[in-house]
Amino acid sequence: MAELLQIKLPWRTFFKIFVVVALFGWLLNYANVTFLEVFQNLTLASPAIIFVSLFFFLIHIVLVYFAWHRSLTLFHIDVAARESISFFAFSTLTKYLPGGIWHAGSRVYMLGNRGHSKISAFYSVLYESVLSITITAALVSLLYAAIDREMFSLPYISLPGYIYFCIGVVLLLSLCIPTAYRFVFRRYASRLESDLPNFTIKALSELLLLYILSFFVFVLGYYFCFKAYLLGQFVLTTEFSFVVLAATLSGFLVIFSPAGLGVRESMLYVLAAQFLDDPLLITICLAPRFILLLSEVLFFCLVKFFATNRSV
C-alpha cells in the first residue's frame, strides 16, 4: 500500500497543480486580463481598509482555532493550547500543498507524535471538515432564501425560497443533535483507541455558534477587501454574503484543488459579476485570497514568535 501511494503521489501532485493553473488561466482569459495587469491593479486598494480586512481574516483564523481546539475535547484528546495552536498554525499553511491531504495528515501526525490516538485525531479532523461544509451549506441555503424577495411577501411565498430556508434550518439543527453523531461513531467504536466521542447538546451548540461567528467575520474580511477597491460605492448586502459563502462552499467541495485555489475565485468572480460592474472586478475577486494567505502566514509567525519567546 505504501509503495502504491509513493507511485501515485507525483501524478496526483502534478494533476492538482495542473487544475490550479488551468482554473486561474481560464479565469484570467474569461475576464480578458493578464496576470501582470491583475498584479499591478492590486496596489490600487486603500491600504487602511486592506489592513481592516487583514484584521478580520486574522480574527476568523483565531475563531476557527478555538473551534478546532474545542472539538478535540469531544474525542478525548487533551492537548495544551500552546501545542494545539502550533499544530493548527502549521497545518493551516500545509493545506496549500498540492501533493495530498497534508492539511488533515499534518494534524494527525503531530497529535500522534504527542502520544494521542491517531484514530481519534483523524475522526476529529473529519468531524471538523464535515462541520465546516455543513454549516456553510446551511448558511448558503438561508441566505438564498433571504434574497428570494417573494418569500417574505406573504401570501405569495416562493416555493424554492421556502425549501432552501427549511434545508438551512434542518442542517443547522441536525448539527446540535447528539443522537446522530453517536449513531455514526458507534459503528466505528472498535476502531477508536478511546471512549466514544463526548457529544452533548451544549458542546455541539457551542461549536456551531463558534463556526457561524467565524464565517460572519470571514465575510467581513471579504467585504472590507472589496471595499478597499470600491470606496463609496459598495455596501454589505445579503447578496454579497451569499456570493462569498457560495464561492467558499464550492472550494470546500472540489477536492482536486488545494484549499479551493482557483475554484473559489472563479465562482466568486462569476457570481459577483451579476451585481457588480467594475473593470477591476477580477483583481477585487483575487485580492481576498492574497490577504487571507497573508493573514495565515502572519498568524503562523505570531504563534512561532510567542512560542519562542516563552521558551527562552
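The values are calculated or read from the model by the stated rules, or taken from the named source; none is laboratory data. Treat the numbers as computed from the prediction; the structure is a model and nothing was measured. Neighbour counts are summed over all protein chains in view; Cβ atoms, including those assigned to glycine, are modelled from backbone coordinates with ideal geometry.
Condition check ((1) of a type in the set (Phe, Trp, Tyr); (2) over 21 Å from Ile50 (Cα atoms)) across all residues:
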| residue | (1), (2) |
| --- | --- |
| Ala203 | no, yes |
| Glu206 | no, yes |
| Tyr211 | yes, yes |
| Phe216 | yes, no |
| Tyr223 | yes, no |
| Lys227 | no, no |
| Gln233 | no, no |
| Thr238 | no, yes |
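Please enumerate the residues belonging to the stretch 218-257 that are of a type in the set (Val, Ile, Thr) and crowded, with 20+ Cβ neighbours inside 10 Å. Residues satisfying the conditions are Val219, Val243, Val244, Thr248.
Close Cβ contacts (under 9 Å, 6 or more residues apart or on different chains) running from residues in the stretch 71-82 that are farther than 12 Å from Ala203 by Cβ and modelled with pLDDT under 85 to residues that are exposed (fewer than 14 other Cβ atoms within 10 Å of the Cβ) and of a type in the set (Phe, Trp, Tyr) comprise Arg82/Phe306. Against the numbered list (1) at pLDDT 90 or above; (2) surrounded by 20 or more Cβ atoms within 10 Å (Cβ to Cβ), Cys301 comes up short only at (2). Among the residues of the stretch 28-76, how many are over 20 Å from Ser86 (Cβ atoms) and aliphatic (A, V, I, L, M)? Adding up the residues that qualify gives 14. Scan the stretch 275-294 residue by residue and report those that are over 20 Å from Leu36 (Cα atoms) and in contact with a Gly (Cβ under 8 Å, 6 or more places away or on another chain). Correct list: Leu292 only.
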